[in-house]
Amino acid sequence: MKYEREGHMLDSRMIELVKNHLEISISTDISDFENVDCTIYNESTADGYDVYVITNDPRNVSVCEEVYYYDHDLADQFTEQIRYGDRTFYVDGDIYDDCYFEDKLIELFVENVEDIIENEELDITLEEINYLKEEYELENEEADSTEVV
């Protein structure tokens, strides 16, 4: 359980804001398996090894380009898929929890914090904007726009 501390923003709020800003959605519901831009899941090989798949077409997986033996690169590849333009994702629930996807989303938040603050489409409060400006040492627009004569 995460607690909100005064003067801090919850991780879940940062994740919500970055997902809304980047216009991405992540589902762990198996019914979305084939109805997304990118599917991230695990499979077992014939001899019992687990492998991990990140694909745009789960019906036509390229073994040499979309199958990973190790899970430690999955969150990084997830962000690459976002950069390639994917916006809807199915991620196996265990992979999402075990492979630091939320940490990667928080990294994306930090990378995009200035744009998030300026995005008028987001449901972000003035208090949150002021906190983020202070936390990330961003200049106030008013201070930048005043001329000294």
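Structure data summary
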item	result
Check on Asp73, modelled with pLDDT under 95 and either in contact with a Lys or Arg (Cβ under 9 Å, 6 or more places away or on another chain) or more than 16 Å from Lys19 (Cα to Cα) (or both)	yes
Odd one out for Cys99 among (1) within 20 Å of Ile30 (Cβ to Cβ); (2) more than 13 Å from the chain's Cα centre (by Cα)	(2)
Filter pass, Ile117 being closer than 22 Å to Leu17 by Cβ and out of contact with any Asp or Glu (no Cβ under 9 Å at 6 or more places or on another chain)	no
Spans of helices (runs of 4 or more DSSP H) in region 1-104 with at least 2 residues surrounded by 11 or more Cβ atoms within 10 Å (Cβ to Cβ) and among the β-branched types (Val, Ile, Thr)	11-22, 74-83
Any hit, region 24-33, residues being in contact with a strand residue (DSSP E or B) (Cβ under 6 Å, 6 or more places away or on another chain) and without any contact (Cβ under 8 Å) to a residue 60 or more places away in the chain	yes
Some residue of region 45-63 being more than 17 Å from the chain's Cα centre (by Cα) and touching a residue at least 40 places away in the same chain (Cβ under 8 Å)	yes
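The values are calculated or read from the model by the stated rules, or taken from the named source; none is laboratory data. As the structure is a prediction and not an experimental result, all values here were calculated from the model. Cβ: placed from backbone, ideal geometry, glycine included. Neighbour counts: every protein chain shown.
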